[in-house]
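Step one of this worksheet: look at the structure below.
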Amino acid sequence: MSDRDRALCELAEKLSTDPVSVSGADWDAVRAVGLDDEGCLELGHIVGVFNHLTRLADGFGIAVDDRVAEAAAGGEKLRRPNG
């Protein structure tokens, strides 16, 4: 994993699991790998949307599609159909 991907993932995890602990230093870490203010805002929005959708799906008891679960477990990767 690249340094950039690692920094993005670390901040995304922190935003998801303990958002009140996110500090300026956390944002500085993603700025150091190339994000500007717009990129930081986009990262926050993407994390927020995924957390929102996951909570809705969990709250309504929506089951994960078998193919998605298999891919998440290391099975065959999902591919978009050509065309």
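The values are calculated or read from the model by the stated rules, or taken from the named source; none is laboratory data. Please read all numbers here as calculations on a predicted model, not as lab measurements. Reconstructed Cβ throughout: ideal geometry from the backbone, glycine too, with neighbour counts over all protein chains shown. The area values use the complete protein model at the heavy-atom level, side chains included, leaving out ligands, DNA and RNA. Shrake-Rupley method; radii C 1.70, N 1.55, O 1.52, S 1.80 Å.
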_Residue in the stretch 25-45 that is open to solvent by less than 70 Å² (accessible area, probe 1.4 Å) and of a type in the set (Val, Ile, Thr) present_ = yes
*Just give me the residues in the stretch 46-83 being surrounded by 10 or more Cβ atoms within 10 Å (Cβ to Cβ), farther than 27 Å from Lys14 by Cβ and modelled with pLDDT of 85 or more, in sequence order.*
Asp65, Arg67, Glu70
*If you go through the stretch 1-10 one residue at a time, how many are open to solvent by 40 Å² or more (accessible area, probe 1.4 Å) and part of a helix (DSSP H, G or I)?*
6
